[in-house]
Amino acid sequence: MKLTIGHLYPDLLNLYGDRGNIACLMKRCAWRGIEARTIGYESEDRVDFSTLDIVLLGGGSDREQMLVCEKLKKIRRDFQAYVEGGGVVLAVCGGYQLLGRYYKTKDGLIKGLELVDLYTEQGDGRLIDNIILDSPLCEMPVVGFENHGGRTYIGENRPFGKVLYGSGNDGRSGYEGVIYKNVVGTYLHGPLLPKNPQLADYLIQKALERKYGSVTLSPLDDTQEREANAYMVNRLMK
C-alpha cells in the first residue's frame, strides 16, 4: 500500500513545529510497511490533488494567511472536489481558519476558501494555553497547545472535540475544532500528531480506506505516547 502526503505551502505556513505532523505520519506508515512519500508544495508550485491521499495545511501569521489565500483561490475548485470526494485533510490554526468563509481581523477581511461552513473573527487578546479535548476520533484524550487571536464559529458542524481544559474555538462554546467529511480543522499545535498517535492513525486509516477499501491497521507499541499523554492530562486536570 502507498500513500502520498501533500504539505501545502510550508514556506509560509509552518508555525509551532507543524512539520512534525508530517514526520509522525511518515514514521507511523513506515513502521507498518506502508510506502509513504511527502510532496511539499511551495507558494509558486501547482498542486495536483488527484495524486494526494492526505493534505496538511499548517499555521501562519495573518499576513502569510493572506498571501496563501490568494494562492489557494486559484485551486479552490480542485481543493473543494478533493474534500467533497472524501480526501483527508488536517488543517491547523491558520489553515483551519482558511477552510471557512472568512477571517475578520482589525486590519481587514481575509476571505476564506469556503470549503467548510464556518467563520472566524479576531477577538480581544489571545487564547494561549495547553489544551485537552475529549474527541470522538480518539480513545485517549487529545492534548496540545493553542495560541490564537481568532474566535472560530462552526455553526451546525461537528466539533473536533469537547474542551476539558483550555479555551477552544472561541473561549465560550466549550468545543474545539471541526470535523467535516474527512477534514479535521483544529487550533492545536505542539505539533499535534506526535502527541496524539491515535489521531495520526485515524488520518492514515481514512486515507487508506478511500484508496483501497476496507483496511485494518496493524497495532503499534504506543506505550511511551500513552504515558506522556496520561502525564499531561493528570498534571492539568488535577
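The values are calculated or read from the model by the stated rules, or taken from the named source; none is laboratory data. The shown structure was predicted, so the numbers you read here are calculated from the model rather than taken from an experiment. Backbone-built Cβ (ideal geometry, glycine too); neighbour counts: all protein chains shown. Areas reflect the complete protein model, heavy atoms only, side chains present, ligands, DNA and RNA absent. Shrake-Rupley method; radii C 1.70, N 1.55, O 1.52, S 1.80 Å.
The modelled label-to-label distance for the pair residue 212/residue 2, using points 7 Å beyond Cα in the direction of Cβ, is 1.3 nm. Taking the 1.4 Å solvent-accessible surface of the chain as the whole, the part contributed by carbon and sulfur is 47%.
Counting Lys and Arg as +1 and Asp and Glu as -1, each charge on the Cβ, what is the dipole of the chain about the Cα centre in debye, to the nearest 20?
Details: 30 positive and 31 negative charges, 37 e Å.
Taking the Cα centre of the chain as origin, the dipole is about 180 debye.
Do you know the relative contact order of the chain, to the nearest whole percent, from alpha carbon pairs under 8 angstrom that are 6+ apart?
Working: 515 pairs, mean separation 46.9, N = 238.
Rounded, it is 20 percent for the chain.
Cut-off under 18 Å on the C-alpha distance; same-chain residues fewer than 8 positions from residue 27 excluded. Which lysines are left, in chain and number order? Leaving aside lysines fewer than 8 places away in the same chain, those within reach of residue 27 are 2, 195, 206. Taking amide hydrogens as placed 1.01 Å from N in the peptide plane, the amide H of residue 7 sits under 5 Å from those of 39, 40, 41, 56, each at least 5 positions away in sequence or on another chain.
For a modelled paramagnetic label at residue 220, 7 Å from Cα along Cα-to-Cβ, the residues of the stretch 162-197 in reach, with backbone nitrogen under 16 Å, are 191-197. Partners of residue 211 within straight-line reach, counting aspartates and glutamates whose Cα lies under 13 Å from its Cα and excluding those fewer than 8 residues away in the same chain: 53. Phi angles of the stretch 47-52 translate, via the Karplus equation with coefficients 6.51, -1.76, 1.60 and θ = phi - 60°, into HN-Hα couplings of 9, 10, 5, 5, 9, 9 Hz per residue; Gly and Pro are given as x.
Directionally averaged projected area (the chain, Cα convex hull): 11.9 nm².
In this structure the chain gives 46 Å² per residue of accessible area when probed at 1.4 Å with all protein chains present. The GluC sites (Glu not before Pro) of the stretch 34-133 that meet both conditions, a loop assignment by DSSP and at most 16 other Cβ atoms within 10 Å of the site Cβ, are 42, 44, 114. Each residue of the stretch 219-233 is assigned a 3J(HN,Hα), and the resulting list reads x, 10, 7, 9, 4, 5, 5, 5, 5, 5, 4, 4, 4, 5, 5 Hz, derived from the Karplus form 6.51 cos²θ - 1.76 cosθ + 1.60 (θ = phi - 60°), x at Gly and Pro.
Subtract the Cα-Cα distance of residue 205 and residue 147 from 0.36 nm times their separation in residues, and report this length gain in nm to one decimal. Don't skip to the end; give the middle numbers.
On the way: separation 58, 0.36 × 58 = 20.88 nm, distance 2.87 nm.
Value of the extension gain: 18.0 nm.
Looking at the stretch 114-206, which trypsin sites (Lys or Arg not before Pro) are in a loop (DSSP not H, G, I, E or B) and have at most 12 other Cβ atoms within 10 Å? List each step's numbers first, then the result.
Numbers: sites: 126, 151, 162, 172, 181, 195, 206; in loops: 172, 181.
Answer in residue order: 172.
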